[in-house]
Amino acid sequence: MSEGARPRPGDDSPGDASATQRLPPEEKRVFALVGNPNSGKTTLFNALTGMRQKVGNYPGVTVERKEGTCISQHGKELLVIDLPGAYSLNARSPDEEVLRDVLLGRRDDTPRPDVVICVIDASNPERNLYLTSQVLELGLPVIIALNMTDIAEARNLRIDARAMGEALGVPVVPMRANVREGIPALRIAMSRHDLPVSHHKVELPEDVAALLERFGHGDNRAALYLLDEEAAREGAAADWENRLIADRYAAIQNVCDHAIRDSDTGAATPTDRIDAFLLHKVWGWVALLGILGSLFVVIFSVANIPMGWIESAFALAGDGVRAAMPEGDLRDLITDGVLAGVEGVLIFLPQILIMFFFLGLMEDTGYMSRVAFIMDRLMAKVGLSGKSTVPLLSSYACAIPGVMGARTIPGAKDRLITIMVAPFASCTARLPVYILMIGLLVPPGKIPALTLGLYVLGTLGIFVFAAIFNRVIKRTKSSPPIMELPSYKAPSWKSILLHMWDRSKIFVRRAGTIILGISILLWALETYPKSDSEDDAVQSEQSYAGRLGKAIEPVIAPLGFDSKIGVGLLASFAAREVFVSAMSIAYSVDEEDDASGEQLREKLRQAKRSDGSPVFTPLTCLSLLVFFVFALQCMSTVAIVRRETNSWRWALFQLAYMTGFAYLASLLVYQGGRLLGFS
């Protein structure tokens, strides 16, 4: 094979152990990291590439694409691709389809790798070797990274890496990626100019071999993973994979018998002892609620400190611009449009960073799998995964880190459902609206009880719509349920910090551009056309936003809302709490002089419609509260859902269905209340 050439899908290699493949020059080489979930694959990717990473989505799917560069022993850059975690090449999910297609060279957006690095959890070799055995048959050079050797030793497993390498015909490098042990040896293997191609092949059953012949593939093992597609095109069935499973595991057992010495004394391992508490039917729930409660408190309260710093910094920046520039639209654009838009992006960073620190810590230590295990039965009743728990809980602080946290959910359907329902959780930005409206309804002492009721209402929305979407959104293929509980291990702090950096960078770069653009648009709508009056309330009414409020008044009037409330609803698309500011402007209340909000409440109590009736009746307040519980109005959430689903279609669908349901729920409250004689 010439330098730089890549093998075609299914190119067969010689079957002897000494067969090698000449690789392209180092600066052109592509390495793919492949492994089961929880094998430490991403930790190894971070150890190899450090800050030299790019993160995105594969076009057309929500599967994450990560690639980076590492330096070889000869100082050359090597491209490393972190492929999605999977248990098999028999694609039953978008993640597995991406893995299969990249290894077979079927994706135009990703080069077929020159070398595959199979990452194996040394404490669970039989399970991990199944995927590896499939990869070995593809005719690509393979290096096996035998990770977590310390955990294997704690389980009294002694793996002879040399013997395993001889049995499989490829290099095997023992390592502990979380502490960078074995990384130099792996770099040396990656820097070799030629690498052996494995002779390992499982004998095919006669009917499976006949299927390959039928479609003209001979003994091309790569074509095995295309049989379903080819059979479907001919309207035939290709039930072949189950016939190979037992044979493949038998071959794996032979390798393990040759390379592994199990000196298990029957004593409980550290993981067993920890799980005796964390998976206990009582104490396990106590521990889980304590941990999730701590996460909720930290995101909800501790993040307010750096968020306050960000607000203060932008307030100072705005004051500086006002002092340095003369009055005019340009100054207002910078302060109320650009700076407000940038602040609207950065204000969420503390919550995002805290969220992903906790997620990374739980994932890296192995506790995330226990969360999924404990919660799975409960969440499955409404079609959610156990791994949806943490993202949904964090959404009560802010939907943005919750939506981003859904990346930890392995199934595409479960991930999408979680994203679609996460904004029903009442985030902190809704609180100012809740407190303002509830303050018009009940005495101060009863505000907490009614606020709790709104949180419960939003939670019901999560479960009801999750159940609906579980029935409506169908899987194209079914995946066998696998609940794996990996051994506990010390976290890799570098990997966690890199994970936090990646997520924050993605949010600022991708979602930030959308948020900034919409902020400037909203500023323009509230600023133009100019009014001759110095009164902010008059300007608000005569602006394009005010005219839009008037235009939508016939639509929102059945909910008990007037045009001023309509302007507030439109303005709250920037951020939910902006509704309070919009009401302050509409009713000429200085927010700085009304910290308690009582002056604004008094103005709202006195507000009259054109017929002299009050605007903010108890029914109107309840209708508005219900609308805010269910409506998705935050542009930041729309932007991040677009980013996470890789589709405007899902982002706009979510905006439409939540707003539509909020409208119907508010209509039912207001009109139903009037029919019952309430005012």
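Any read-out appearing in this document is the output of simple, stated calculations on the displayed coordinates, not a laboratory observation. Just so it is clear, the structure is predicted and the values come from calculations on it, not from any experiment. Don't worry about glycine lacking a Cβ; one is built from the backbone with ideal geometry, like all the others, and counts go over all protein chains shown.
The table below gives the values:
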{"quantity": "Label-point separation in nm, E230 to A557, each point 7 Å along Cα→Cβ", "calculated": "6.7 nm"}
{"quantity": "Nearby lysines by direct alpha-carbon distance to K608 (threshold 24 angstrom, same-chain neighbours under 8 apart not counted)", "calculated": "K550, K564"}
{"quantity": "Calculated FRET efficiency for the pair H280/R322, C-beta based, R₀ 51 Å, to 0.05", "calculated": "0.30"}
{"quantity": "Cross-link table K530/K603; K54/K413; K201/K381; K281/K494; K28/K387, entries beyond 30 Å C-alpha to C-alpha", "calculated": "K201/K381; K281/K494; K28/K387"}
{"quantity": "Residue list for the range 324-356, given a label point 7 angstrom along the Cα-to-Cβ vector of W309 and an amide N cut-off under 16 Å", "calculated": "346-355"}
{"quantity": "Extended-chain gain in nm, criterion 0.36 nm per residue less alpha-carbon gap, D332 and E166", "calculated": "52.6 nm"}
{"quantity": "Nitroxide proxy distance, nm - points 7 Å out along Cα→Cβ at Q253 and S72", "calculated": "4.1 nm"}
{"quantity": "The chain - percent relative contact order, Cα under 8 Å, separation 6 or more", "calculated": "12 percent"}
{"quantity": "The range 503-675, relative contact order in percent, only Cα pairs under 8 angstrom and at least six apart counted", "calculated": "21 percent"}
{"quantity": "Trypsin sites (Lys or Arg not before Pro) lying in DSSP loop within the range 267-375, provided at most 11 other Cβ fall within 10 Å", "calculated": "K281"}
{"quantity": "Residues whose placed amide H lies under 5 Å from that of K76, excluding near-sequence neighbours", "calculated": "none"}
{"quantity": "Among (i) 33.1; (ii) 27.0; (iii) 28.0, the entry that matches Kirkwood radius over Cα pairs in Å as calculated here", "calculated": "(iii)"}
{"quantity": "Residue exposure sequence - V34, V116, V456 - by fewest surrounding Cβ within 10 Å", "calculated": "V456, V116, V34"}
{"quantity": "The chain: calculated mean residue ellipticity at 222 nm from DSSP helix runs of at least 4, using -39500 (n - 2.57)", "calculated": "-16500 deg cm²/dmol"}
{"quantity": "Average Cα contact separation per residue, the range 20-196, under 8 Å, 6 or more apart, as relative contact order %", "calculated": "26 percent"}
{"quantity": "HN-Hα J in Hz across the range 32-38 - Karplus 6.51, -1.76, 1.60, θ = phi - 60°, x for Gly and Pro", "calculated": "10, 8, 10, x, 5, x, 6"}
{"quantity": "FRET E, pair K550, R261, Förster distance 56 Å, beta-carbon r, rounded to 0.05", "calculated": "0.10"}
{"quantity": "Cα gyration tensor, the range 20-196 - rounded (a/c under 1.5), prolate or oblate", "calculated": "rounded"}
{"quantity": "Nearest-ten-degree value, helix 125-136 long axis tilted from longest Cα axis of the chain", "calculated": "80 degrees"}
{"quantity": "Gain on full stretching of the segment that runs from E206 to K54 - 0.36 nm per residue minus C-alpha separation", "calculated": "50.2 nm"}
{"quantity": "Angle in degrees between helix 493-506 and the longest Cα principal axis of the chain, rounded to the nearest 10", "calculated": "50 degrees"}
{"quantity": "Fewest-first sequence of I151, I354, I188, I291 by Cβ atoms within 10 Å of each Cβ", "calculated": "I188, I291, I354, I151"}
{"quantity": "Under Karplus coefficients 6.51, -1.76 and 1.60, residue-wise ³J(HN,Hα) of the range 451-465 in Hz, glycine/proline x", "calculated": "4, 4, x, 5, 5, 5, 4, x, 5, 4, x, 4, 6, 5, 6"}
{"quantity": "Gained length - A246 relative to L668, 0.36 nm times residue gap less alpha-carbon distance", "calculated": "146.1 nm"}
{"quantity": "Degrees separating the helix 94-103 axis from the principal Cα axis of the chain, which is the longest one", "calculated": "40 degrees"}
